[in-house]
Amino acid sequence: MSDATTDTFPILGYDAVEFWVGNAKQAAHYYRTAFGFELVGYAGPETGVRDRASYVLKQRAVRFVFSTALSADHEITRHQGRHGDGVRDVAFTVPDAEEAFRIAIERGAPPHHEPEVHEDEHGKVVIAAIKAYGDTIHSFVQRSDYSGVYLPGFEPVDRDPLARPVGLSGIDHVVCNVGWGEMDEWSSFYAGILGFSEFRHFTDEDISTEYTALMSKVLWDGVGRIKLPINEPAEGKRKSQIEEYLDAYGSPGVQHIAISSGDIVETVRKLRENGVQFLSVPPEYYEDAKERVGGIDESWDALAELGILVDRDDEGYLLQIFTEPVEDRPTVFYEIIQRHGATGFGLGNFKALFESIERAQERRGNL
Ligand code: FE2
């Protein structure tokens with residue numbers, strides 16, 4: 001376990017999640033009107049950036065960036081062709097990007113780019129990056145001397161008439177899918193390079209259904225700012241949902257991002273009104289859940305109406321719900337989560353959830 005005095009790889013939090021997409025203007029519109037994000041910054045030809053357009057969206061502590069290239073011969077265009085819209089960068093805010101990069105490389109991380117200083121009238125930001133699973137990177141962003149909207153080159157957007165916040169407040173965890181037999185390689189990567197430790201380990205016994213199986217390990221920073229579960233497919237009767245993702249994305253990558261809410265009932269009600277589609281939950285789920293979970297503050301009727309799942313561990317309970325993939329390829333989706341003390345990931349819900357994912361997989365003809 002690490003703490004402030006012994007941590008050799010201090011991470012202050014998630015800096016941003018950057019998506020490389022086919023049409024950032026439209027993706028930003030969707031995240032503003034459906035998920036309630038506010039457009040706060042923009043970079044593109046109008047601001048002196050010639051090769052791409054990037055939109056910075058915020059909701060409380062969650063920052064998403066959507067970027068599109070303006071030509072065919074561009075790394076963003078190639079990424080989009082291979083993966084579809086997806087997460088390129090899970091960026092961390094660090095106190096010293098140069099030092100973070102130096103330590104990561106010394107510990108064997110593959111470099112993506114060396115520390116670069118970006119400056120404008122609002123100060124300076126130092127950014128370095130390492131390569132992670134698939135084509136995903138982790139940037140280390142040092143922004144303590146910067147007061148601008150996001151990074152030099154971005155112009156602030158003063159007011160967003162489209163944004164309708166839904167109460168999303170922060171990133172709880174970011175989950176990746178890796179290939180067959182790659183779980184240990186990637187858990188060692190986060191343990192060895194970022195100094196993370198294993199928080200939870202679920203075997204295929206825990207989280208398999210009749211048809212599909214997977215294994216999952218949760219790596220975390222020891223203090224709870226960063227939690228990165230890793231999924232690997234396991235042998236089942238039919239194609240695992242992790243395999244379906246790997247086929248569609250074309251490589252390992254981010255599977256889902258869990259975002260916390262202080263009032264999940266209100267948040268999910270608004271998201272549903274905005275047209276966000278969630279996995280359906282069989283009505284029988286709530287009969288079992290009441291027995292399994294016991295007393296909770298929320299109304300069971302509201303949870304059942306909205307399809308919100310509940311689970312309890314030794315420390316409390318949690319509420320969670322999963323969206324359908326938000327692209328046509330069955331790749332990235334979202335989890336909305338509210339914790340009442342529980343620190344787990346809804347193990348008791350895995351089976352119920354996966355059975356409902358399989359129903360969706362079957363409708364796509366991939367089971
Ligand atoms: Fe999750």
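The values are calculated or read from the model by the stated rules, or taken from the named source; none is laboratory data. Predicted, not measured: the structure shown is a model, and the values here were computed from it. For neighbour counting, all protein chains shown are included, and Cβ atoms are generated from backbone atoms with ideal geometry for every residue, glycine included.
Annotations
- In the set (1) free of Cβ contacts under 8 Å to residues at least 40 places away in the same chain; (2) crowded, with 17+ Cβ neighbours inside 10 Å; (3) out of contact with any Leu (no Cβ under 6 Å at 6 or more places or on another chain), the condition left unmet by Tyr31 is number (3).
- Against the list (1) in a helix (DSSP H, G or I); (2) touching a helix residue (DSSP H, G or I) at 6+ places or on another chain (Cβ under 6 Å); (3) aliphatic (A, V, I, L, M), the condition Ile105 fails is (2).
- Arg292 vs. criteria charged (D, E, K, R) and within 14 Å of the ligand (Cβ to nearest atom): no
- Strands (runs of 3 or more DSSP E) contained entirely in segment 265-367, each with at least 2 residues that are modelled with pLDDT of 85 or more and surrounded by fewer than 19 Cβ atoms within 10 Å (Cβ to Cβ): 333-340
- Condition check for Arg50 on (1) in a loop (DSSP other than H, G, I, E, B); (2) surrounded by 20 or more Cβ atoms within 10 Å (Cβ to Cβ); (3) not aliphatic (A, V, I, L, M): one failure, at (2).
- Residues satisfying the stated conditions in segment 53-78, i.e. part of a strand (DSSP E or B) and on the phi > 0 side of the Ramachandran plot: none
- Checking each residue in segment 215-243 for being surrounded by fewer than 23 Cβ atoms within 10 Å (Cβ to Cβ), away from the ligand (no atom under 16 Å from the Cβ) and either under 24 Å from Arg364 (Cα atoms) or not assigned by TED's automatic domain parsing to the domain that holds Glu335 (or both) picks out Ala234, Glu235, Gly236, Lys237, Arg238, Lys239, Glu243.
- Qualifying residue in segment 145-162 (condition: closer than 21 Å to Thr331 by Cα and aromatic (Phe, Trp, Tyr)): no
- Test result for Arg102, under 28 Å from Leu228 (Cα atoms), out of contact with any Pro (no Cβ under 9 Å at 6 or more places or on another chain) and of a type in the set (Lys, Arg): no
- Filter pass, Glu210 being surrounded by fewer than 16 Cβ atoms within 10 Å (Cβ to Cβ), farther than 30 Å from Gln80 by Cβ, modelled with pLDDT of 90 or more and over 17 Å from the mean Cα position of the chain (by Cα): no
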